[in-house]
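A short write-up of the structure that comes next.
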Amino acid sequence: MNLTLEAPRLTAHDRCDRCGAQAYVKVLLEAGGELMFCAHHARAHEDALKGIASEVIDETERLHLKPEPVED
């Protein structure tokens, strides 16, 4: 049996650790723990995070998606 786990999607409840805006990037640290960033702060700190991140979950593409209409 093959089991594929998908990383949990970031929600509106996930907030940037730097400014409090909605987080679209989650950084899992090699030493343990995680950091969350809005797209702006993720780009601003990208170089510093490369050396300490074990995984980066980047959902910034969602910023450009058009909302789907809600059917009644």
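Treating only the Cβ of Lys, Arg, Asp and Glu as charged (+1, +1, -1, -1), what charge dipole size does the chain show about its Cα centre? Round to the nearest 20 debye. The partial results should precede the final answer.
Working: 8 positive and 14 negative charges, 52 e Å.
My answer is approximately 240 debye.
For ARG15, what residues show an amide H to amide H distance below 5 Å, using hydrogens built from the backbone and excluding near sequence neighbours?
Residues meeting the amide H criterion: ALA23.
Please calculate the 1.4 Å probe accessible area of HIS45, with all protein chains present, and give it to the nearest 10 Å².
70 Å²
Check which residues have an amide H placed less than 5 Å from ALA53's amide H, if you skip close sequence neighbours.
Close amide H contacts, sequence-distant or interchain: GLU30.
Report Rg/Rh for the stretch 31-72, rounded to two decimals, where Rg is the Cα radius of gyration and Rh the Kirkwood radius.
Ratio of gyration radius to Kirkwood radius: 1.16.
Take the solvent-accessible surface of the protein heavy atoms, probe 1.4 Å, and return the percent of it on the chain that carbon and sulfur atoms account for.
51 percent
Which order do GLU46, GLU68 take by accessible area at a 1.4 Å probe, largest first?
Numbers: GLU46 95, GLU68 160 Å².
Final ranking, largest accessible area leading: GLU68, GLU46.
Can you give me the accessible area per residue for the chain, using a 1.4 Å probe, in Å²?
81 Å²
Throw me the Rg/Rh for the chain, computed over C-alpha atoms with Kirkwood Rh, two decimals. Numbers along the way, then the final one.
Working: Rg = 14.2 Å, Rh = 13.5 Å.
Ratio of gyration radius to Kirkwood radius for the chain: 1.05.
The values are calculated or read from the model by the stated rules, or taken from the named source; none is laboratory data. Everything numeric in this text was worked out from a predicted model, so none of it was measured. Using ideal geometry, Cβ is built from the backbone for each residue, glycine included, and neighbour counts are taken over all protein chains shown. Heavy atoms of the whole protein, side chains included, go into the accessibility calculation; ligands, DNA and RNA do not. Shrake-Rupley method; radii C 1.70, N 1.55, O 1.52, S 1.80 Å.
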